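In what follows, a single structure is set out as C-alpha cells and then discussed.
The values are calculated or read from the model by the stated rules, or taken from the named source; none is laboratory data. Small disclaimer: the values here were computed from a predicted structure and weren't measured. Here the Cβ positions follow ideal geometry from the backbone for every residue, glycine too, while neighbour counts run over all protein chains shown.
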Amino acid sequence: METKQQYDALIVVTARDFERVQSQYHRLAANLPARRIFFVGNEEVARLVGTANLGDKVGFLDENSIMSFETVHAVMAQALEGVLRGRELPRGITGWYYQQFLKMQYACMCEDTYYLVWDGDTIPCRSFSMFHEEQGIPYLDIKGEYHETYFDTLIKLLPEMRKCIEKSFISEHMLINVEIMRQLIRDIEANREIPGSTFWEKVIHAIDVQELQSNSFSEFETYGTYVALHRPEAYRLRNWHSFRYGGVFYSLDTISDEDYEWLGRDFFAISFEKGDFVREDQKNLFDNKKYQEKLSARQMLEIAQEEFQEGSYIEVWE
C-alpha cells in the first residue's frame, strides 16, 4: 500500500551553488516526492528563488528563521581561537557545519511527521518514492562511503553509539522522522561531559580542534546510526544508486532529457559537485548516443571507474 504521508523537502544551498545548478532545478519540482520544496538560505538565495520561475511547489525559507548563522559562527570562532591566533574565521568553515545543523534543527519547528532533506547539487533522474510500496514503511537509503572521523565525533556525542552497518547513510538525501530527530537532539544535549547547552554547540566542542577544519561531523551518519540502534523498525534500508561524479562527465549546460532518461534506468539521481568539470578526454562519453544505445549507464560507469584514482568514491552494485 503506497503511503499517503505528506511532507516537505528542504534544500540548504548557497547563492553561488543555486546559480550554478539552477538550470536543472525544474527537475526537482517534477521528480522529488514532496508536497513542497523549500530552498533554505540567505537573502540572496531568496532573490534567486523568487526569479527562478520554478512553480508554486517551490519556495524559500530563511536560514536564520531556523538557526542564526552568526551565533554558530561566533561559537565556532571561539572554539578555534587558539588556531586562528587573531585571524578571522572563514565563513565557509562554519557553513559546512551550519548547513547540517539546519537540517537537524528544522525538526523542532516541523509540524509534519517527516521531512526530506536533499543536497542542492543533486538532481533526481526520475521520480521515485521514499516509502515501500506494499508496507508503507519509509526508506533509509544507504551507499558505500566511510569516514572514520564522523564516527569518532558520534561516539563522543553518544558513547553508546558505534558503526553498525557495513554501508553508509550518506546518500545526498534523507527522509527525517521528526520525533526521532527531536529525541536524538535531546540525547546529545543530555551529554554533560561536553561543553554547551544546545546539540550544535556540543557537536562543535566534541571535535578535536585540529579536526574542526576538516569536516568531522555527518548529520546523515549520526541520524542513520541512531535509528539503526534505537529505532530499526521505523525504516526499511534501501540501496541507493546515484551518479556521484556526474559533473566529471556531464556539463550542466548540455545534459539533455534523453540523458536523464538513460541515466534513470540505473540511477535515482546525479550529482554535480562544486569543482568538478568535464576534461577534454572525458567529453562525449556518457552523453554519446551511440554508446548509450549499446551500453547501460551502469556499464559505462563500471568501465569508467576502472580508471578512477585510489580513494575516489566507487559505486558498487551487488
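Condition (residue is over 22 Å from G120 (Cβ atoms), assigned by TED's automatic domain parsing to the domain that holds M109, in contact with a Leu (Cβ under 6 Å, 6 or more places away or on another chain) and not in a strand (DSSP E or B)) applied to region 198-206: is it met by at least one residue? Within region 198-206, one or more residues are over 22 Å from G120 (Cβ atoms), assigned by TED's automatic domain parsing to the domain that holds M109, in contact with a Leu (Cβ under 6 Å, 6 or more places away or on another chain) and not in a strand (DSSP E or B). Give the residues of region 287-303 that are assigned to a helix (DSSP H, G or I), surrounded by 13 or more Cβ atoms within 10 Å (Cβ to Cβ) and among the aliphatic types (A, V, I, L, M), sorted by residue number. Matches in region 287-303: A297, M300, L301.
Of all residues in region 261-286, exactly one satisfies the criterion of being polar (S, T, N, Q) and either crowded, with 19+ Cβ neighbours inside 10 Å or within 18 Å of the chain's Cα centre (by Cα) (or both), namely S271.
Restricting region 58-83 to residues that are touching a strand residue (DSSP E or B) at 6+ places or on another chain (Cβ under 9 Å) and either modelled with pLDDT under 95 or not in a helix (DSSP H, G or I) (or both), the residue that is farthest from F199 (Cα to Cα) is V58.
Counting only residues that are surrounded by 17 or more Cβ atoms within 10 Å (Cβ to Cβ) and among the hydroxyl-bearing types (S, T, Y), region 114-146 holds 4 of them. Apart from one condition, D257 fits all of (1) buried (at least 18 other Cβ atoms within 10 Å of the Cβ); (2) over 30 Å from Y114 (Cα atoms); the exception is (1).
The condition (being crowded, with 21+ Cβ neighbours inside 10 Å, under 17 Å from the mean Cα position of the chain (by Cα) and part of a strand (DSSP E or B)) is satisfied by just one residue among M174, M181: M174. Report yes if G86 is at positive phi, loosely packed, with under 14 Cβ neighbours inside 10 Å, part of a loop (DSSP other than H, G, I, E, B) and in contact with a helix residue (DSSP H, G or I) (Cβ under 7 Å, 6 or more places away or on another chain), otherwise no. Here the answer is no, as G86 does not meet what is asked. Within region 259-286, being over 30 Å from S129 (Cβ atoms) and part of a loop (DSSP other than H, G, I, E, B) holds for G275, F277, V278, R279, K283, N284, L285. With the structure loaded, tell me whether E111 is surrounded by fewer than 19 Cβ atoms within 10 Å (Cβ to Cβ), modelled with pLDDT of 95 or more and not β-branched (V, I, T) or whether it fails that test. So E111 passes the test. Close Cβ contacts (under 6 Å, 6 or more residues apart or on different chains) running from residues in region 127-150 that are in contact (Cβ under 8 Å) with a residue 60 or more places away in the chain to residues that are polar (S, T, N, Q) and part of a strand (DSSP E or B) comprise K143/S168; E145/S168.
In the set E258, E293, E233, only one residue is assigned by TED's automatic domain parsing to the domain that holds G144, at pLDDT 90 or above and more than 20 Å from the chain's Cα centre (by Cα); that residue is E233. Within region 169-200, being in contact (Cβ under 8 Å) with a residue 12 or more places away in the chain, more than 22 Å from P33 (Cβ to Cβ) and among the small types (G, A, S) holds for one residue alone: G196. Which pairs do you get when a residue that is at negative phi, found in region 243-272, comes within reach of a residue that is among the aromatic types (F, W, Y) and in a helix (DSSP H, G or I), reach meaning Cβ atoms under 9 angstrom, with the pair 6+ apart or on two chains? These pairs meet every condition: F243/F249; I270/Y260. Of R16, R36, all but one fail to be over 21 Å from M130 (Cα atoms) and either basic (K, R) or in the same structural domain as L212 (by TED's automatic domain parsing) (or both); the exception is R16.
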